[in-house]
Each structure stands twice: as C-alpha cells, then as structure tokens.
Amino acid sequence: MKNNIRVNRATNKISQDDLAKLVGVSRQTINAIENNKYYPSLELGLKLSKILKCSVNELFSLDDE
Amino acid sequence: MNNHLLSTRWLIPSGIVFYGSTIIGILLMTSTITLDTVILEVSIPNLFKLDDPLVGQNQTWIKNNWMDEILGFLLSFSGLMHGFSAESDEDEYANFLRFQALKWSLVINYSLLTLISVFVYGFAYWQVILISMYSVLVTFVVWFRISIIRHRR
C-alpha cells in the first residue's frame, strides 16, 4: 500500500508536527505512516483525509493501482 | 479507540520496581547470593497436597521463606503494569509497537523452549521452565521499551 500524505501535506502547507497535533498522534507516527512503516487504522485514515481535504482513496492506494 | 491500558502515572513507579526486581533476579541466578539469609518465614496452607518429598503429602500447613515469592510477585505484577501502562505520547503506533513486542517475545521464548525441551533433561530442565516463566515478560517489556525509544528519535 502506498500513500500520498507527504504530497497532500505539502499542498496544504501543513508540517508533520501540526498534522500530528490535529489528528491526535505523535509526529513520529506521521513520519512512520509517510515512510510506509505503519498502516494507520481506518479511524486515523479518515481523520487524515478530513484534515488534508481529500478522500481516503486519494490518500491511500494499493501498490498495483 | 479504547486500548484498556493503565494510566501513565503507573509507568515510572512500576518500571523502577520491574527493572530492580529483574536485576535482583538475574543476580540471584548468576551468583552465589541467596535469599535464604533474609528470613521472612510464614506458615501457609498446603492447598494442593501434591506428592512432594520436600513438603510431605499429609502436611496441612508448611513453613516457607517468602522472599522468593515476593520477588516473583513484584517481577510479574510490576512487569504487567509497566508493559501495559499508557505512554506519555500514547497513540495507535505505540500500541502497534507494544503488540509487535508481545508477538516477538512469545515467538522467541517458545522457539527456545521447544529446542530446550528436546535437548535439556532433568533438574536443568526444571530451571529452564522457571526462567521461561519470567523471560516472556522481561523480553516483551525490554523489546517494547527499545522500540519506543527508537521510535521517538
């Protein structure tokens, strides 16, 4: 699974630290998600898509897509 | 999401007790120091009355030095509290690391125990079983602590 969080974060001009505070996790967790070390829960995925103003499908996609 | 973890305030006190009792336990196993010098002899009911030549089947009450029981209790109880207390920055990734640590401690300990079951016999095997009772908890707590420290860097 790949994600576009880093790109969407840059588009919205939000730092890792700010995004972490907005969704209620640590900055290191956002970094782990961006680097594909951790796949977030559905709840966190929905929160991220809400903050980054895009759909979950735009944020996360399967490798073969 | 409710993870059913203990409050963060238990993390440091339980950690001090856990690491302290682990160090004492390792010292007792690897050196000639014994807890027999510290006497806390209490009569306790012999509930199961197993055929133990050291205790005696018909004996209802037995006298026992409780120091090793106290150490075992402190190690287990504080280990559980320390391993399952919420971190100051607890989130779902910290919980993921906790269960990864639990998984690997079980895999490593039971893999070793399986090998040892084949190759170790007699009194040495009894000692291995005694160590393995606590090593699952110690491996889990230490593995999780290292993971969380690396994660915070």
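Of note:
- Treating r as the C-beta distance of residue B:76 and residue B:104 and R0 as 22 Å, the FRET efficiency rounds to 0.65.
- Among A:21, A:13, sorting on how many other beta-carbon atoms sit within 10 Å of each Cβ, with the fewest leading, yields A:13, A:21.
- Cα-only radius of gyration and Dmax that characterise chain A, units Å: 10.6, 32
- Ordered by the count of other Cβ atoms within 10 Å of each Cβ, fewest first, B:143, B:61, B:104 give B:61, B:104, B:143.
- One quarter of the convex hull surface built on the alpha carbon atoms of the protein assembly as shown amounts to 17.3 nm², the projected area averaged over directions.
- Simple label model, 7 Å out from Cα along Cβ direction - residue B:113 to residue B:88, nm: 3.5 nm
- Size of electric dipole in the protein assembly as shown: Cβ of Lys, Arg +1 and of Asp, Glu -1, about Cα centre, debye, nearest 20: 800 debye
- Residues B:68, B:91, ranked from the fewest to the most other C-beta atoms within 10 Å, line up as B:68, B:91.
- For chain B, the gyration tensor built on C-alpha atoms gives a prolate shape. Its axis ratio a/c (a ≥ b ≥ c) is at least 1.5, and a/b is the larger of a/b and b/c.
- Mean residue ellipticity, 222 nm, helices only, chain A: the sum of -39500 (n - 2.57) across DSSP H runs of n ≥ 4, divided by residue count and rounded to 500, is -14500 deg cm²/dmol.
- Of the DSSP H helices in chain B, those whose Cα atoms cover at least 15 Å axially and whose Kyte score averages 1.6 or more: B:11-30
Just so you know, all these numbers are worked out from the coordinates, no wet-lab data involved. Note that the structure is predicted; figures quoted are calculated from it, not measured. Please note: Cβ atoms are built from the backbone with ideal geometry, for glycine as well, and neighbour counts cover all protein chains shown.
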